[in-house]
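Laboratory data are not the source of any read-out in this text; all were calculated from the coordinates shown. Since the structure is predicted, the reported quantities are computational estimates derived from the model, not experimental observations. Note: ideal-geometry Cβ built from the backbone for every residue, glycine included; neighbour counts use all protein chains shown.
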Amino acid sequence: MQQKTDISYNSAGIEKPPWLKLGPRFRKLTVAERRIRLCDFLDMSEDELSATGFDTEMCDLADIMVESAVGYIPVPLGVAAGFKVNGHLYNVPFAVEEPSVIAAATFAASVIGRNGGFTTESTETVMTAEVYVETEIDPDSRDVTGLITEVEDELTEPLAAMTRRGGGFHGLDIERIDPDTIAARLHIDTCDAMGANILNTCAERVRPLIEARLGGEAIMAILTNAADRRVTTARFSIPVDACARGGRSGLEVAQRIVKANRIATIDFHRAVTHNKGIMNGISSVALATGNDTRAIEAACHAFAVRDGAYRALTEYEVRDGALHGSLRVPVAVGTVGGAAGFHPAARFSMQVLERPDARTLASIMACVGLAQNYAALSALVSEGIQAGHMRLHANRLAWKAGARGDEIAELADRLSDEGVFNSEAAEHILAHIRRRG
Ligand code: MEV
């Protein structure tokens, strides 16, 4: 793909920014028109264009989901089969581009599933919105007394449907966060919705009331993605023998997992990678189910630093001949509303999961995060991570070299057997396979 080199200048001789070259009305065009404009601007071939969307209906869907849509990106969707969570076997959809993620989850789900599976606990599905008011009023003063009842009354109408479903208003806290500012925190049980819209609507609705009673002007009214009242804990316990790997005994691997986890509680650099591995699973399921991956990631990383130092989200111990692992994370997901309610791929994923409610989905996601972490640590402290990764990387090299169908597995096997992982070798071996016929 080659970008056109002719540079456009405006009358002042200043180079026009690329969006202007696409035309100031670019965002007003239809998806099809935008695609043609972009294609022309970048001298793209039809093939290159088709990589960003060939299905008209999906392009139309993209257009109603985001502004200036030009197509969609096909991220692989896979299913890790057989996740035993609270006694029930789930097949879990992942949308992810990284080759080892589903393989790792499936490995851990199978080891843990054979030994009792995962158990979970979760809090209620309560989310919080905040109205920040500039005021010097004492939050404990009499002026503030009764505000909670007034706020609850004001929210009766916008929360009517949520209240009928068993959720709704869950309280109000007032906290001074600096000498000039008070945060009024509004808690709402959003049931099976992630809740962003209803929280923001409610926060804006009560903003004038809160301003009047706190005697100041609100700077802003918005939900917090911290979701620290919506926390799920996943656990497993497996006999240490089940941990044996890479020529090391189960006890040795289990003890090394505990040490590896400890390192991630004391060393910030390791903690980031450790938690990234956990999010490999959680974010992939979030994406597959049409949930907000950025909100969940922000919440989990903030949770990891809640006591001032960024640490591993997991805990492990070896006790009574077993390895006990746990993960505690805020997972604010919705199973109704948002993309989960209308995107065909998200709806498919919900079907694969047997249409869970939000609490169940959060529980499954916490188990997936824990599984991902167990699989990573078990490899890292035994045979290392690269052997498995390179095997999966070989598939990509095979594809890039032009292998298709059965050729892919054959070429990947040959690359792995010979221990060479580069494009040149892949092309060479592919030519050989084809000559052989
Ligand atoms: C790779 O995406 C994730 C790991 O680096 C996680 C970890 O190191 O714990 C394998």
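Placing +1 on each Lys and Arg Cβ and -1 on each Asp and Glu Cβ, with no other charges, gives the chain a dipole about its Cα centre of roughly 1460 debye.
If you count Lys pairs in the chain whose Cα atoms are under 30 Å apart, skipping same-chain pairs closer than 8 places in sequence, the total is 9.
When Rg and Dmax are taken over the Cα atoms of the range 78-210, they come to 21.4, 60 Å.
Which residue, SER249, SER50, SER237, tops the fluctuation ranking in a GNM of the chain built on C-alpha contacts under 10 Å? Maximum fluctuation in the GNM of the chain, among the listed residues, is at SER50.
Starting from the eigenvalues of the Cα gyration tensor, five times each then square-rooted, give me the equivalent ellipsoid semi-axes of the range 74-145, largest first, whole Å. Working shown, then result.
Values: eigenvalues 408, 73, 17 Å².
Equivalent ellipsoid semi-axes, largest first: 45, 19, 9 Å.
In a reduced charge model with +1 at each Lys and Arg Cβ and -1 at each Asp and Glu Cβ, the range 113-185 shows a dipole moment near 780 debye about its Cα centre. Ordering of 394-407, 99-112 by packing is 99-112, 394-407, highest average first (other Cβ atoms within 10 Å, averaged per residue).
Averaged over residues, the count of other Cβ atoms within 10 Å places the peptides 40-47, 134-141 in the sequence 134-141, 40-47, highest first. Measuring how big the range 331-437 is from its alpha-carbon positions, Rg and Dmax come out at 20.0, 56 Å. Extension gain, GLU175 to ARG404: 0.36 nm times the residue separation minus the Cα-Cα distance gives 76.3 nm.
Mean sequence separation of contacting Cα pairs (under 8 Å, at least six apart), scaled by the length of the chain, corresponds to a relative contact order of 16 percent.
In a fully extended conformation the segment linking ASN115 and ASP307 would gain 65.8 nm over its present Cα-Cα distance, using 0.36 nm per residue.
How much length would be gained if the chain were fully extended between VAL420 and ASP267, taking 0.36 nm per residue of separation minus their Cα-Cα distance, in nm to one decimal? Provide the component values of the computation, followed by the final result.
Values: separation 153, 0.36 × 153 = 55.08 nm, distance 3.40 nm.
Length gained between VAL420 and ASP267: 51.7 nm.
For the pair the range 302-377 and the range 221-239, the centres of their Cα atoms are 8 angstrom apart. Across all C-alpha atoms in the chain, the radius of gyration and Dmax reach 26.1, 88 Å.
Note on the chain: antiparallel DSSP beta bridges, both residues inside, total approximately 95 percent of the bridges counted.
Per-residue ellipticity at 222 nm, computed for the chain from helices alone with -39500 (n - 2.57) per DSSP H run of at least four residues, works out to -15000 deg cm²/dmol. Within the listed set GLY325, GLY167, GLY53, the Gaussian network model of the chain (springs between alpha-carbon atoms below 10 Å) gives the highest mean-square fluctuation for GLY53.
Taking ASP192, ASP267, ASP55 in turn, the Gaussian network model of the chain (Cα-Cα springs below 10 Å) assigns the largest fluctuation to ASP55.
Between the residues GLY250, THR265, LEU223, the greatest Cα displacement towards the positive end of the dipole of the range 213-345, with unit charges on the Cβ of Lys, Arg, Asp and Glu, is found for GLY250.
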